[in-house]
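Quick note: the coordinates plus some simple rules give every number you see, no bench work behind them. These numbers come from a predicted model, not from an experiment. With ideal geometry, Cβ positions are generated from the backbone for all residues, glycine too; neighbour counts draw on all protein chains shown.
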Amino acid sequence: MFDLILRNGTVVTPHGTSRQDVAISGETISAVTSPDAIDSTQTKRSIDVNGKIVMPGGIDPHVHCKWIMPMPDGTFGFTEGPEIVSKAALFGGTTTLIDFAARLEDIPFSEVIEKRDQDWVGNCYCDYSYHLMLLGDVEPPVLSELESLIGDGYPTIKIFTTNITPSRSGRMVHFGDIWEVFKVITRAGGLGVIHAEDNDLVMHMYEKLIREGRVSFHNLAEVHSALSEDLSFRRVIRLAEAENTPLYMMHVSAGTGVRAIREARAKGQAIYGETLHQYMLFTSEDYKRPNGQIYHTYPSLKSPEDQAELWAGTLDGSINAVATDELCCTLQLKTVGNRIDDTTGGNAGVEPRLGVMYQEMVTERGYSLEQFVDLCSSNAAKIMGLYPRKGAIAAGSDADIAVLDPTIKRKVRLEDLHESDYSPWEGHEITAWPIMTILRGKIMVENGVFMGDPKDGKYLKRAIPKSITMGPEL
């Protein structure tokens with residue numbers, strides 16, 4: 001007896017797209033069959049999804065929940081936590097989030113993870129995982145601990161090559177320490193996840209623009225430039241080549257970054273690219289719009305030419321995943337900074353991601369449903385060590401499913417969203433929207449009704465497949 005069958009949907013599987021039924025037992029997919037191959041007496045519930053798209057739940061490999069941020073009164077507070085973001089994610093068809101456990105203090109990473117668990121365990125409606133984030137100097141005991149943790153299900157290590165802003169001293173990991181971390185990642189079978197900008201160039205431009213009095217956030221693209229991305233990407237890639245270290249380049253924003261990844265992949269290097277939907281659809285000209293800070297994250301928005309390279313990268317394998325760099329706060333907090341050195345990064349974008357990218361990929365540019373699913377779900381699952389448990393509609397996979405209605409034709413409306421009091425995507429055309437989201441067999445959202453529990457989310461320990469670490473698999 002099956003618990004649920006989704007019948008007659010346009011199902012996107014690892015083998016292609018066709019009209020099929022998806023049968024679910026407990027938390028997993030039991031069978032994917034031709035329509036009506038399973039008699040109705042064999043299931044507790046059947047749902048007809050004829051005309052709808054049935055895809056694996058979205059995976060966002062880059063979010064920041066309950067993240068420390070400066071407040072208008074000079075103190076520090078936190079962005080919204082997983083109890084808000086994960087609910088919005090499910091409304092938007094995303095079933096897995098990957099956040100960060102950042103080593104902000106001189107303590108073992110085991111304690112960092114314990115503290116991060118206090119934010120997430122019992123407070124998350126969807127499934128989740130952490131990248132381990134290094135900040136500043138990396139002491140030998142940390143290297144030893146990382147090697148153990150990579151093998152214990154925490155295989156992705158976040159590294160900054162810049163402090164990003166002058167006020168964030170201590171974030172950047174120095175190149176010698178990166179070298180040592182790369183050796184550990186290679187030995188232990190992990191993956192380096194990199195925020196790569198050239199710190200010397202970035203800080204030089206801050207000093208120059210401040211000296212010249214050009215401090216408005218409208219000038220951010222001059223500080224966080226395409227040249228900075230080019231220099232840092234190539235330096236990191238060369239070091240990784242020397243140590244056979246696999247890389248995942250986070251939030252690629254410039255054509256120079258795409259080209260650096262493309263060239264490394266052509267040489268057989270194990271490197272993967274992530275971009276963000278705001279880089280694909282907004283440019284530095286959007287800073288000039290009212291409340292232009294809402295379109296910003298770090299690095300900056302770039303030019304239409306950079307944007308074109310990002311789109312080309314999604315077709316040639318240089319860009320493998322579209323993430324959000326989610327950071328959920330109010331409009332007041334998002335716009336409180338208005339200088340090049342205090343503008344808030346991140347954006348409230350996890351909920352509209354699938355709907356917006358369906359419009360831009362499938363409707364506007366003619367991408368196949370398989371390409372859309374790869375970029376918004378399956379590739380992230382494969383790279384991050386979650387596949388085929390996540391990111392696939394196949395027998396034995398978790399029953400994480402998003403059902404999209406392609407007859408919905410409207411614009412993104414703030415009143416329909418569940419994250420914040422603003423959205424950079426408000427007014428964006430959509431031609432499909434999730435009407436049902438299932439997490440491990442449980443219907444979490446159905447026709448606008450939310451049925452999740454904050455204890456539903458489970459932490460996902462991961463291991464990076466050798467196929468991903470040995471060369472450009474995707």
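A straight Cα-to-Cα reach below 20 Å connects K409 with the aspartates and glutamates E351, E360, E364, E426, E429, E446, residues fewer than 8 places away in its own chain not being considered.
A dipole drawn for the chain from +1 and -1 charges on Cβ atoms has a positive end, and of Q42, L220, M55 the residue lying farthest that way is Q42.
Looking at the range 58-390 alone, DSSP beta bridges between its own residues are antiparallel in about 10 percent of cases. Summarising the amide proton neighbourhood of A323: residues at separation of 5 or more, or on other chains, whose placed amide H is nearer than 5 Å comprise T275, L276, H277. Summarising the amide proton neighbourhood of Y272: residues at separation of 5 or more, or on other chains, whose placed amide H is nearer than 5 Å comprise L247, Y248, M249.
Using the Cβ atoms and a cut-off under 14 Å, what net charge is assigned to the surroundings of V412, where Lys and Arg are +1 and Asp and Glu are -1? So the environment of V412 carries a net charge of -2. Checked against a 19 Å cut-off, the cross-linked pairs K87/K442; K288/K334; K66/K302; K390/K458; K158/K390; K115/K458 give Cα-Cα distances beyond that limit for K66/K302; K158/K390.
Anisotropy class assigned to the range 58-390 is rounded, per the alpha carbon gyration tensor with a/c under the 1.5 cut-off. For the range 33-178, a simple Cβ point-charge model (Lys and Arg +1, Asp and Glu -1, everything else neutral) yields a dipole of about 500 debye relative to the Cα centre. In a fully extended conformation the segment linking A308 and E139 would gain 56.7 nm over its present Cα-Cα distance, using 0.36 nm per residue. How much net charge surrounds T95 when only the other residues with a Cβ under 15 Å from the Cβ of T95 are counted, with Lys and Arg +1 and Asp and Glu -1? Once all neighbours under 15 Å are counted, the net charge is -4.
Of the beta bridges in the range 1-150, as assigned by DSSP with both residues counted there, near 50 percent are antiparallel. Couplings 3J(HN,Hα) of the range 239-255, computed from phi: 5, 5, 4, 5, 9, 6, 9, x, 10, 10, 8, 7, 5, 4, 10, 10, x Hz, in residue order, whole Hz [Karplus 6.51 cos²θ - 1.76 cosθ + 1.60, θ = phi - 60°; x for Gly and Pro]. Electrostatic tally near S40: other residues with Cβ closer than 13 Å to its Cβ, Lys and Arg +1, Asp and Glu -1, net -1. Here the label points at E285 and D36, each 7 Å from Cα along the C-beta direction, are separated by 5.3 nm in the simple model. Coupling constants for the range 352-367 follow from the phi torsions by the Karplus curve (6.51 cos²θ - 1.76 cosθ + 1.60, θ = phi - 60°), and in residue order they are x, 4, 5, x, 5, 6, 4, 4, 6, 8, 7, 6, 7, 10, x, 5 Hz; glycine and proline get x.
Compactness of the range 304-357, taken as the C-alpha radius of gyration over 2.2 N^0.38 Å, stands at 1.43. Only Lys, Arg, Asp and Glu carry charge here, each on its Cβ (+1 for the first two, -1 for the last two); on that basis the chain has a dipole of about 660 debye about its Cα centre. Residues whose amide H comes within less than 5 Å of that of I443, counting only those at least five positions distant or on another chain, are absent (H built at 1.01 Å from N in the peptide plane). Per-residue Karplus couplings for the range 56-64, computed as 6.51 cos²θ - 1.76 cosθ + 1.60 with θ equal to phi - 60°, are listed in order as x, x, x, 10, 9, x, 7, 9, 10 Hz, Gly and Pro entered as x. In a simple Cβ point-charge model (Lys, Arg +1; Asp, Glu -1; nothing else charged), the range 335-474 has a dipole of about 640 debye relative to its Cα centre.
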